[in-house]
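Everything on this sheet refers to the single structure shown next.
The values are calculated or read from the model by the stated rules, or taken from the named source; none is laboratory data. Computed from a predicted structure; not experimentally measured. Every residue, glycine as well, gets a Cβ built from its backbone with ideal geometry; the counts of neighbours run over all protein chains shown.
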Amino acid sequence: MGEKITKVFNPAETLNEIENKFEMFQILNEKGEVVNPDALPDLSDDELVELMTRMVYTRILDQRSISLNRQGRLGFYAPTAGQEASQLASHFALEKDDWILPGYRDVPQIVWHGLPLWKAFLFSRGHFVGNQIPEGVNVVPPQIIIGAQYVQTAGVALGLKKRGSKTVAITYTGDGGSSQGDFYEGINFAGAQKTPAIFIVQNNQYAISTPREVQTAAKTIAQKGIAAGIPSTLVDGMDALAVYVATKDARDRAVRGEGPSLIETMCYRYGPHTMSGDDPTRYRTSDIDNEWAAKDPIVRFRIFLEGKGLWNEQKETEVIERAKEEIKEAIKKADETPKQKVTDLISNMFEELPHNLKEQYEIYKAKESK
């Protein structure tokens with residue numbers, strides 16, 4: 001019976017066929033060589049240099065943020081080194097009026113979208129001013145709840161569609177976030193409503209200490225978008241050009257009214273999950289770290305630009321020095337911001353305070369006035 005049935009009814013083979021269709025999209029290989037010339041994006045020399053500038057700047061921002069965290073001058077911080085291409089090349093494909101709903105590791109995108117760096121530092125400290133987004137900067141504060149931004153993005157994108165806006169809402173999560181219920185609810189709703197949303201899963205291989213292969217039996221995370229009826233792509237997340245092209249394509253289709261997309265970027269976080277006690281040496285080997293270090297997004301993009309005569313050591317040094325100076329100024333401004341008080345927390349919670357909080361407000365107000 002078994003052999004006869006499998007000729008006309010073989011769901012296992014159907015799964016295998018679908019999974020094997022997800023080949024990783026790449027333009028630059030690990031040596032910075034163009035391996036897919038037909039897919040090269042139409043970016044000017046100035047745009048290519050600007051993208052590299054942002055990647056180098058963000059690597060320095062990550063290094064300084066880790067140092068500031070260890071000094072006790074920042075609060076919660078999730079390292080970003082290794083994910084610059086995934087984060088910044090995807091953002092580079094957006095327009096100013098697009099909306100970003102970030103996860104907690106996605107501070108670089110919202111900074112480059114217009115959030116002042118000093119406010120990003122205050123967000124890390126848990127200060128309410130860090131969540132006060134300037135007018136015209138279309139971002140929301142980073143989401144701490146794993147995957148919750150996916151549902152929110154589906155809703156924001158629906159609003160954009162109803163307004164007839166030619167803009168998109170984009171969000172990010174990690175491979176661990178794709179195991180959350182909000183992930184499935186978000187992509188399913190967006191697919192059903194055909195909203196202009198871009199869902200990016202930055203597959204950095206580990207959800208804290210849990211490896212991707214333990215998260216799901218699926219061969220790729222990208223294939224999960226197919227169940228929601230939305231176009232889905234697997235991209236080399238260490239290749240800035242490939243990430244840019246995939247995101248630009250998703251945005252173009254979204255503003256044409258063709259609905260959402262899911263993009264899985266294969267990347268790696270060099271540091272710990274967060275600076276709150278995670279030790280990656282307990283679950284990652286040096287061999288794995290070295291394997292991914294050889295795929296570094298900045299190194300391969302540097303080689304590509306140097307080959308075109310667009311980048312050199314002097315330019316990179318200038319970017320590094322500018323980053324250090326601007327970071328120094330931003331943390332100084334954050335330090336000068338009046339410290340958050342308990343009465344700030346209470347008064348910011350409700351427009352009209354309930355009776356019990358009115359009492360507490362007066363108690364703390366009296367303490368703070370001494």
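In segment 263-282, what count of residues is obtained for those that are of a type in the set (A, V, I, L, M, F, W, C) and either under 19 Å from residue 296 (Cα atoms) or not assigned by TED's automatic domain parsing to the domain that holds residue 172 (or both)? Steps first, please.
Going through segment 263-282, the residues of a type in the set (A, V, I, L, M, F, W, C) turn out to be 263, 266-267, 275.
Filter once more, so that each one left must be either under 19 Å from residue 296 (Cα atoms) or not assigned by TED's automatic domain parsing to the domain that holds residue 172 (or both): 266-267.
The total comes to 2.
With the requirement that a residue be part of a helix (DSSP H, G or I), among the aliphatic types (A, V, I, L, M) and either buried (at least 22 other Cβ atoms within 10 Å of the Cβ) or without any contact (Cβ under 8 Å) to a residue 24 or more places away in the chain (or both), what does segment 56-87 give you?
Of the residues in segment 56-87, the ones part of a helix (DSSP H, G or I) are 56-70, 84-87.
This time we only want the ones that are among the aliphatic types (A, V, I, L, M), so: 56, 60-61, 66, 68, 85.
Within segment 56-87, 56, 61, 85 meet the criteria.
Any residue that is part of a loop (DSSP other than H, G, I, E, B) and over 30 Å from residue 279 (Cα atoms) - is there at least one of those in segment 196-213?
Yes, some residue in segment 196-213 is part of a loop (DSSP other than H, G, I, E, B) and over 30 Å from residue 279 (Cα atoms).
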Would you please list the contacts, defined by Cβ atoms under 6 Å and residues six or more apart or on different chains, that run from a residue in segment 94-106 that is of a type in the set (Ser, Thr, Tyr) to a residue that is assigned to a loop (DSSP other than H, G, I, E, B)? 104/78; 104/142; 104/144
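Every residue in segment 122-132 that is aliphatic (A, V, I, L, M) and either surrounded by 18 or more Cβ atoms within 10 Å (Cβ to Cβ) or within 14 Å of residue 177 (Cα to Cα) (or both), please.
Within segment 122-132, the first condition is being aliphatic (A, V, I, L, M), and the residues that meet it are 122, 129.
Selection gives 122 alone.
Hey, among 188, 203, which residue is modelled with pLDDT of 95 or more, polar (S, T, N, Q), in the same structural domain as residue 142 (by TED's automatic domain parsing) and under 16 Å from the mean Cα position of the chain (by Cα)?
Details: 188 fails: under 16 Å from the mean Cα position of the chain (by Cα).
Only one candidate passes the filter, namely 203.
From the list 208, 146, 133, exactly one residue is in contact with a His (Cβ under 6 Å, 6 or more places away or on another chain) and farther than 30 Å from residue 302 by Cβ. Which is it? I'd like the intermediate steps shown before the answer.
On the way: 146 fails: in contact with a His (Cβ under 6 Å, 6 or more places away or on another chain); 133 fails: in contact with a His (Cβ under 6 Å, 6 or more places away or on another chain).
Exactly one residue qualifies, and that residue is 208.
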Can you tell me which residue among 251, 284 is in a helix (DSSP H, G or I) and either out of contact with any Ser or Thr (no Cβ under 9 Å at 6 or more places or on another chain) or not aromatic (Phe, Trp, Tyr) (or both)? 251
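Please enumerate the residues belonging to segment 314-337 that are of a type outside the set (A, V, I, L, M) and either at pLDDT below 95 or closer than 19 Å to residue 69 by Cα (or both). Please lay out each step first, then the result.
Filtering segment 314-337 for residues of a type outside the set (A, V, I, L, M) gives 314-318, 321-322, 324-326, 328-329, 332-333, 335-337.
Hits for segment 314-337 are 324, 325, 326, 328, 329, 332, 333, 335, 336, 337.
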For residue 147, work out the one condition from (1) at positive phi; (2) surrounded by fewer than 19 Cβ atoms within 10 Å (Cβ to Cβ); (3) not polar (S, T, N, Q) it doesn't fulfil. (2)
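Listed here are the residues, each with its yes/no results for (1) farther than 14 Å from residue 232 by Cα; (2) surrounded by 24 or more Cβ atoms within 10 Å (Cβ to Cβ).
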| residue | (1), (2) |
| --- | --- |
| 171 | yes, yes |
| 177 | yes, yes |
| 182 | yes, no |
| 188 | no, no |
| 197 | no, yes |
| 201 | no, yes |
| 204 | yes, yes |
| 207 | yes, no |
